[in-house]
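K.L.:
The structure's right below; bear with me while I get my questions together.
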Amino acid sequence: MNRNLLVYNSLTRQKEVFKPITDGYVGMYVCGPTVYSDVHLGNCRTFMSFDLIYRYLLFLGYKVRYVRNITDVGHLLDDGEDRMSKGSRADDLEPMEVAQKYTNGFHEMMHIFNTLAPGIEPRATGHIIEQIEMVQDILDKGYGYIKNGSVYFDTLNFAEKTGEYGRLSGRVIEELLSESRDNLKNQDEKNHPSDFAIWMKASDEHIMKWNSPWSVGFPGWHLECSAMSTKYLGKTFDIHGGGNDLKFPHHENEIAQNIGACGCQPANYWIHTNMLLMNGKKMSKSDGNTISPSELFTGDSEHVTKGYSPMVVRFFMLQSHYRSPNDLTDDALQAAEKGFKRLFEAYKSLEQLDSPEVKGAPLDLSIEQTIEGAFLNMDDDFNTPKTIARLFELVTIINSLKDGQLKINEISKDGIAKIKTAMKAIIFNIFGLKDESESSAGTMDGLMNLVIELRQLARVNKDWTTSDKIRDALGEINIQIKDGKEGTSWSYK
């Protein structure tokens, strides 16, 4: 925690020195998935970005209470139908079966991408009481009104009294006429088109509904995050995050609800991730410009020439800053795959380097500067692209030492140890990458040792034909063998 971490705050639109409310402790709330369908790859990018932020805060020594919700009620379509009800009809399941099915799928995908689980993962349906209480608090403060059993948030009154509405998204009331998700429903009940429902009276056919002081109904979509973040992190906490698409209306309305209920901003830092594009365009099912995570892994899509492993996809995501758009293309994935393999080959080679005990070796100072630069990049709003560039400066040094372009006595034992410590921390603990060859590494090493022994036997017997055949056959499957003073080694090209 001695490092000076800068975080871009969407609320103030500038980088700020990160200062938690409580020393050594961070409260972080991230808007989770709406569980009515399979997880979208763009959402995966968002959750991987916050996994990186979570990991780096832990690395810095903070105790982090990471809360990520599950939306299983109140998320309305344009026709006013709840998404869970639609999913229930489509899958011929009860709404909670739908929620559980897609929650399980979401968890499985997050595990595949090696994200850390949040400390708390509350569901909207498990916090109806808290949401009803918050609606009442908003009414008591004069920021809500009741119409025909539904309760609406009075945005004009709120904006006039606080000046806060539109601050996060940069919009003004005149621009907020018909943009809330529930605006196409019950427009005639509202005092102003920008008002939004915090409790909605349910129709007879509506499946998911609860008793309340105002009607049998259900909470508005925005209310759940306000209620649950307050319950688990307090009225004001450190970080609130989500995708850029949630700035308005979701996060703007969250802020209004929290200030309307308790008179305080819910979070000191608002962090938003940018979108995942594909082939330079927004992902869209309607025009076919989309790909699912499973299609990306198997290669079963017209948009890729082959399948890519989950860790290659994660490494690809890290190559763009979380606040920048990330353009998914086959060429970019191929480049990420090459970079990923090169990084892990260098890390394996690092384990084999052994330097004599020397002091003041020529490379030591530049290595220290490169490592410090990598962490300074992470301190600068979690800048992974620049951190990766620093990692590959170390990769170049490792490969030059391995190939003899640099002499091993140009680096000290302490210098090698520092590279090992830094690369292990960044690659595994912060970036959350895994060596995907680990599960088969023992078998592969055993097979390669046998192949190398057979080739060595052929060379001893001066059977150059067999020796060359083994070398060439390995080359065809992208395995390279090198003969040196210490013996023969192998690596992937």
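The values are calculated or read from the model by the stated rules, or taken from the named source; none is laboratory data. In this text the structure is predicted, and so the values were computed from the model without any measurement. Glycine also receives a Cβ, built like all others from the backbone with ideal geometry; neighbour counts cover every protein chain displayed.
The rows are residues; the columns are (1) out of contact with any helix residue (DSSP H, G or I) (no Cβ under 7 Å at 6 or more places or on another chain); (2) outside any loop (DSSP other than H, G, I, E, B).
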{"site": "ARG3", "(1), (2)": "no, no"}
{"site": "VAL7", "(1), (2)": "yes, yes"}
{"site": "GLU16", "(1), (2)": "yes, yes"}
{"site": "VAL26", "(1), (2)": "no, yes"}
{"site": "TYR36", "(1), (2)": "no, no"}
{"site": "GLY42", "(1), (2)": "yes, yes"}
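K.L.:
Just a yes or no: is a residue in segment 277-295 under 25 Å from VAL172 (Cβ atoms) and buried (at least 18 other Cβ atoms within 10 Å of the Cβ)?
P.N.:
If we filter segment 277-295 for residues that are under 25 Å from VAL172 (Cβ atoms), which is where we start, we get none.
Checked against the condition, which is being under 25 Å from VAL172 (Cβ atoms) and buried (at least 18 other Cβ atoms within 10 Å of the Cβ), segment 277-295 yields no hits at all.
K.L.:
Which residue, of TYR29, TYR36, TYR54, TYR62, is among the hydroxyl-bearing types (Ser, Thr, Tyr), within 19 Å of ASP381 (Cα to Cα) and either surrounded by fewer than 23 Cβ atoms within 10 Å (Cβ to Cβ) or modelled with pLDDT under 95 (or both)? Show your work before the answer.
P.N.:
Numbers: TYR29 fails: either surrounded by fewer than 23 Cβ atoms within 10 Å (Cβ to Cβ) or modelled with pLDDT under 95 (or both); TYR36 fails: within 19 Å of ASP381 (Cα to Cα); TYR54 fails: either surrounded by fewer than 23 Cβ atoms within 10 Å (Cβ to Cβ) or modelled with pLDDT under 95 (or both).
Going through TYR29, TYR36, TYR54, TYR62 in turn, the sole match is TYR62.
K.L.:
A follow-up question, please. Which helices (runs of 4 or more DSSP H) sit wholly inside segment 291-382 and have at least 3 residues that are farther than 30 Å from GLU16 by Cα? Walk me through how you get there before you give the answer.
P.N.:
On the way: elements: 293-298, 310-318, 330-352, 364-379.
Qualifying helices (runs of 4 or more DSSP H): 293-298, 310-318, 330-352.
K.L.:
All but one of (1) touching a Gly at 6+ places or on another chain (Cβ under 6 Å); (2) modelled with pLDDT under 95 hold for PHE237; which doesn't?
P.N.:
Of (1) touching a Gly at 6+ places or on another chain (Cβ under 6 Å); (2) modelled with pLDDT under 95, only one is false for PHE237: (2).
K.L.:
Quick check, is LYS185 modelled with pLDDT of 90 or more, more than 16 Å from GLY144 (Cα to Cα) and charged (D, E, K, R)?
P.N.:
Working: modelled with pLDDT of 90 or more: no; more than 16 Å from GLY144 (Cα to Cα): yes; charged (D, E, K, R): yes.
When the stated conditions are applied, LYS185 does not pass them.
K.L.:
Restricting to segment 217-262, count the residues that are surrounded by fewer than 22 Cβ atoms within 10 Å (Cβ to Cβ) and free of Cβ contacts under 8 Å to residues at least 60 places away in the same chain.
P.N.:
Summing the residues that are surrounded by fewer than 22 Cβ atoms within 10 Å (Cβ to Cβ) and free of Cβ contacts under 8 Å to residues at least 60 places away in the same chain in segment 217-262 gives 3.
K.L.:
Name the single residue that is farthest from ARG323 (Cα to Cα) among those in segment 383-405 being assigned to a helix (DSSP H, G or I) and in contact (Cβ under 8 Å) with a residue 60 or more places away in the chain.
P.N.:
From segment 383-405, those assigned to a helix (DSSP H, G or I) are 384-403; that's our starting set.
Next, from what is left, pick out any that are in contact (Cβ under 8 Å) with a residue 60 or more places away in the chain: 384-385, 388.
Details: THR384: 11, PRO385: 12, ILE388: 16 Å.
Only one residue fits best here, namely ILE388.
K.L.:
Pairs under 6 Å by beta carbon, first residue among the hydrophobic types (A, V, I, L, M, F, W, C) in segment 447-471, partner modelled with pLDDT of 75 or more and surrounded by 11 or more Cβ atoms within 10 Å (Cβ to Cβ), six or more apart or different chains?
P.N.:
Partner pairs satisfying both residue conditions: MET448/TRP490; ILE452/THR488; ALA458/THR466; ALA458/SER467; ILE470/ARG455.
K.L.:
Also, quick follow-up: Out of the residues in segment 296-324 meeting the condition of being hydroxyl-bearing (Ser, Thr, Tyr) and under 14 Å from PRO385 (Cα atoms), tell me which one is surrounded by the most Cβ atoms within 10 Å (Cβ to Cβ). Spell out how you get there, then give the answer.
P.N.:
Looking only at segment 296-324, we keep the residues that are hydroxyl-bearing (Ser, Thr, Tyr), and these are 298, 301, 305, 308-309, 320, 322, 324.
Pick out the ones that are also under 14 Å from PRO385 (Cα atoms) and you get 320, 322, 324.
Details: SER320: 20, TYR322: 24, SER324: 11.
Among them, the one singled out is TYR322.
K.L.:
Out of the residues in segment 325-358 that are polar (S, T, N, Q) and touching a residue at least 40 places away in the same chain (Cβ under 8 Å), state the one that is surrounded by the fewest Cβ atoms within 10 Å (Cβ to Cβ). Before the answer, list the steps.
P.N.:
Of segment 325-358, the ones polar (S, T, N, Q) are 326, 329, 334, 349, 352, 355.
Pick out the ones that are also touching a residue at least 40 places away in the same chain (Cβ under 8 Å) and you get 326, 329, 349, 352, 355.
Working: ASN326: 21, THR329: 15, SER349: 17, GLN352: 11, SER355: 19.
Result: GLN352.
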